[in-house]
Structures are given as C-alpha cells and as structure tokens.
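Take a look at the structure set out below.
Read-outs throughout are calculated quantities, based only on the coordinates presented, and are distinct from any laboratory measurement. Bear in mind the structure is a predicted one, so any value in this text is a computation, not a measurement. Heads up, the Cβs are rebuilt from the backbone with ideal geometry, glycines too, and the neighbour counts pull from every protein chain shown.
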Amino acid sequence: MGGTPSFAPCLIIFNEVMRAWQKNNINVKAVHAHVMALHRQFLDGLAELKEEMGSDDLGVWGAQCPLIPEPVRSHTLVFNTKDPSESKVVVEKMLRCADVEIDSRKTYVRIGFGFNHNCEDVAKLLSGCKDVLMELKVKV
C-alpha cells in the first residue's frame, strides 16, 4: 500500500467479494456463461420481434455489429444506428425500460449485461425495443 491508505477500502471490499464468490462457488466462467445466456435470450427475442413485425428492417435492432464468439465476447452488445441523434433517442427511451446499462457513442448503442441481471430484465429490455421501434416509426 505504500503511503497511500486510500486503497485500503477497495482492497477490503475486493477481498469480501472474493470470499463471497468462493463460498457460493461463483467464478468468472460461471458469470460469463450467465451473461452469454442473457445475450442469447436478447438476440432470440429480437429475432422473434422481427418475425412478429414481419420485416427484416428493425432499425437499430436490425443493425447489429458482427458478434464475436461467446468464449471471448464482451458483456456489451453494440448496435449501429444511422446517425448519432437516433442513438441518443434510443438511449433516452430505453433507459426507462430496465436496469441494464445502455449508452451511446456516436452512432453506436451499447447495452451492457452483467451478473446482476436476469431473464426478467431482458424481457423488459425487449419490450422497450419494441416501444422504441414504434416511437421511431420504423417502417416495418
């Protein structure tokens, strides 16, 4: 720690979390598998939405960046919009939907899934996706 005691609380919290994970048999592989299951649920839900709306054009939700294989994929899904103003609208509308982190950078909408999320969060998010499509009046 040297002469900087401000690291002590962080180390204490880290150690407590690691103890809790060990006690409950949680590890990085299990956390990643959980998040990838949420990705699959979300992407499958988008496919169903596409079918339900009878179109290949789902606006931002149809403009998905190529997915990296699950074993090495980030916990953030990224979608590309036509312009930054559309990204901003999507984020503003989606932030009300679920407790999943959503933000944008230029034309990219980023949705971050974590260990603390569950299937219900994804269902709310998918409902929000449909609402955004309606609000943006995407021709489908």
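Per 0.36 nm of contour for each residue apart, how much would the distance between Glu52 and Lys82 grow if the chain were fully extended, relative to their Cα-Cα spacing? The partial results should precede the final answer.
On the way: separation 30, 0.36 × 30 = 10.80 nm, distance 2.30 nm.
Fully extending the segment from Glu52 to Lys82 adds 8.5 nm.
Roughly how many debye, to the nearest 20, is the charge dipole of segment 5-135 about its Cα centre, given +1 on each Lys and Arg Cβ, -1 on each Asp and Glu Cβ, and no other charges? All intermediate terms of the calculation are to be shown ahead of the outcome.
Values: 15 positive and 18 negative charges, 119 e Å.
Value, rounded to 20: 580 debye.
Assuming R0 = 22 Å, what is the FRET efficiency of Lys23 and Asp44, from their Cβ-Cβ distance, to the nearest 0.05? The partial results should precede the final answer.
Values: r = 33 Å, r/R0 = 1.51.
With R0 = 22 Å, the Cβ-Cβ based efficiency is 0.10.
Which pairs, out of Lys29/Lys124; Lys29/Lys130; Lys23/Lys93, put more than 29 Å between their alpha-carbon atoms?
Lys29/Lys130; Lys23/Lys93
Amide H to amide H under 5 Å from Ser104: which residues, 5+ apart in sequence or cross-chain, H placed 1.01 Å off N in plane?
It is Arg110, by chain and number.
Provide the per-residue ³J(HN,Hα) series for segment 79-87, in order, calculated from phi with Karplus coefficients 6.51, -1.76, 1.60 and θ = phi - 60°, each as a whole number of Hz, with x at glycine and proline positions.
10, 9, 9, 6, 8, x, 5, 5, 4
Normalising by the residue count of segment 70-140, find the relative contact order in percent from Cα pairs under 8 Å and 6+ residues apart. Write out the running numbers ahead of the final one.
Numbers: 82 pairs, mean separation 22.9, N = 71.
About 32 percent, as a whole number.
Give the span of segment 5-135's Cα atoms along each principal axis, as three whole-Å numbers ordered largest to smallest.
53, 29, 25
Using 0.36 nm per residue, how much length does the chain from Phe14 to Val72 gain when fully extended, once their Cα-Cα distance is taken away?
Working: separation 58, 0.36 × 58 = 20.88 nm, distance 2.40 nm.
Between Phe14 and Val72, full extension yields 18.5 nm more.
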